[in-house]
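Sending over a structure as structure tokens; questions will come in a sec.
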Amino acid sequence: LQHKKGNLPQMAREELTDDMLKRQEMRRLNIVVSDTEVNQAFERFATNNKMTLAQLTGVLDKAGVTADHFKEYIRLQMG
């Protein structure tokens, strides 16, 4: 989905490591991003890309990513 180029397996490992560190830091600092905030960001993402929520969900599904997984990605980025 992100159209990255390079050593994709290595980049994926690094991104997963970064995500885990972000989760740990959020837990340590007691940072909580509410479902409402995440849902609003998800809706803004769809709007900014000129899509309905159903269209965004369809694009994600075709790429093998669930809307819930993408929302967790958003939560990490917001945290």
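Just to check your reading of the model, which residue among LYS50, LYS71, LYS62 is among the basic types (Lys, Arg), on the phi < 0 side of the Ramachandran plot and either in contact with a Lys or Arg (Cβ under 6 Å, 6 or more places away or on another chain) or surrounded by fewer than 15 Cβ atoms within 10 Å (Cβ to Cβ) (or both)?
LYS62
Name the pairs whose Cβ atoms lie under 9 Å apart, with the first residue in the stretch 1-12 and under 17 Å from TYR73 (Cα atoms), the second open to solvent by less than 80 Å² (accessible area, probe 1.4 Å) and in a loop (DSSP other than H, G, I, E, B), and 6 or more positions between them or separate chains?
LEU1/ALA63; LEU1/VAL65
Here's something else I'd like to know. Being in a loop (DSSP other than H, G, I, E, B), surrounded by 10 or more Cβ atoms within 10 Å (Cβ to Cβ) and of a type in the set (Val, Ile, Thr) narrows it down to one residue among VAL38, VAL33; which is it?
Selected residue: VAL33, the only one of VAL38, VAL33 that is in a loop (DSSP other than H, G, I, E, B), surrounded by 10 or more Cβ atoms within 10 Å (Cβ to Cβ) and of a type in the set (Val, Ile, Thr).
Next question. What's the number of the only condition in (1) among the charged types (D, E, K, R); (2) assigned to a helix (DSSP H, G or I); (3) surrounded by fewer than 10 Cβ atoms within 10 Å (Cβ to Cβ) that LYS22 fails to meet?
The single condition LYS22 does not satisfy is (3).
Provide a single number: the residues in the stretch 26-56 that are touching a residue at least 40 places away in the same chain (Cβ under 8 Å) and not hydrophobic (A, V, I, L, M, F, W, C).
Residues meeting the conditions: 1.
The values are calculated or read from the model by the stated rules, or taken from the named source; none is laboratory data. None of the values given here were measured: they were computed from a predicted structure. Every residue, glycine among them, receives a Cβ derived from its backbone with ideal geometry; neighbour counts consider all protein chains shown. Areas reflect the complete protein model, heavy atoms only, side chains present, ligands, DNA and RNA absent. Shrake-Rupley method; radii C 1.70, N 1.55, O 1.52, S 1.80 Å.
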